1. Given N residues in the chain, what is its alpha carbon radius of gyration divided by 2.2 N^0.38 Å?
2. Points 7 angstrom from Cα along the Cβ direction at residue 156 and residue 193: gap in nanometres?
3. Measuring from the lowest to the highest alpha carbon on each principal axis, how far does the range 32-161 reach, largest first, in angstroms?
4. Find the Rg to Rh ratio for the range 199-246, where Rh is the Kirkwood radius over alpha-carbon pairs and Rg uses the same atoms.
5. Taking the radius of gyration and the Kirkwood hydrodynamic radius from Cα positions alone, what is the Rg/Rh ratio for the range 122-212, to two decimal places?
6. Read phi for every residue in the range 69-79 and hand back ³J(HN,Hα) as whole Hz from Karplus 6.51 cos²θ - 1.76 cosθ + 1.60, θ = phi - 60°, with x for Gly and Pro.
7. Could you state how much accessible area residue 132 has, in square angstrom rounded to the nearest 10, with a 1.4 Å probe and all protein chains kept in place?
8. Largest first, what is the accessible-area ranking of 130, 231, 195 with a 1.4 Å probe?
Amino acid sequence: MPLNSLAARLPAVSDSEIRGRLEVVEESLARAAERVGRDPAGIRVLPITKGHPLGLVQRVAALGFEIIGESRVAEAEAKQNALGTLGLRWHLVGHLQRNKAARAVQLFDVIESVDSLRLGQRIDAVAERTGLGRVPVLVQVNASGEAAKGGFPLSEADEAIGELCELPRLEVRGLMTMAPFVDDEDTLRDCFRRTRECLERCRRAISGLRGIELSMGMSNDFELAVEEGSTEVRLGTILLGERPGR
């Protein structure tokens, strides 16, 4: 089966269809985990609500999801102003500009896209100034080497992660990566494997780094990501359908 065929054959969504899509996803996730001897319970589905209307976010919460992912600070702020947090934990999965860090640490429970030392330092300074305590983050690595993607190149990642772990108000929980949007299984596996190996090296080398989170895998490649160690898959289209206007 082509890697993106599951997403392609799922229809537009209603509440019942979201439940059905989730059932299909969880079955696929469980099979992928079992193929490599993993417990599926250790893998989280993160619905990506970026670009979807307020009603869809309300429906996601009502369907029992506990976390959602958003890519833009302004969009998440508008949704929270209109709806409140709905009891959800909000994760930022998109690029964060340093000048928006102060709003981001107020709005999001986890920032999954720390892609530079300067951004990490800015978050650390904001947390100190506002008395928020430690900010949970994932460090974004560019395991594919694509110029258009953000994150630390793997050649620099180990040192950068060590420096970020020294910032007292950052709680580095693990790594995030985005694989190329291709169908080549070897290319995708290599990206996910190299990210996992980076985290394993850092756990051995950096005192106090407990980081166990690997946010890897999206609608077209999440099964491979699970086989390579992902603890969180970020699912948009395959779970919630196309964003309006796409």
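1. Working: Rg = 17.5 Å, N = 246, 2.2 N^0.38 = 17.8 Å.
Ratio of Rg to 2.2 N^0.38 Å for the chain: 0.98.
2. Each label point lies 7 Å from its Cα, and together they span 2.6 nm.
3. Sorted from largest, the Cα extents of the range 32-161 read 46, 43, 29 Å.
4. On the way: Rg = 14.7 Å, Rh = 12.5 Å.
Result for the range 199-246 is an Rg/Rh of 1.18.
5. On the way: Rg = 14.3 Å, Rh = 13.9 Å.
My calculation puts Rg/Rh at 1.03.
6. x, 10, 9, 10, 4, 5, 5, 5, 5, 4, 5
7. 80
8. On the way: 130 60, 231 25, 195 0 Å².
Most to least solvent-accessible, the answer reads 130, 231, 195.
The values are calculated or read from the model by the stated rules, or taken from the named source; none is laboratory data. The shown structure was predicted, so the numbers you read here are calculated from the model rather than taken from an experiment. Note: ideal-geometry Cβ built from the backbone for every residue, glycine included; neighbour counts use all protein chains shown. Ligands, DNA and RNA are stripped out before the accessible areas are found, and what is left, the full protein with its side chains, is counted by its heavy atoms. Shrake-Rupley method; radii C 1.70, N 1.55, O 1.52, S 1.80 Å.
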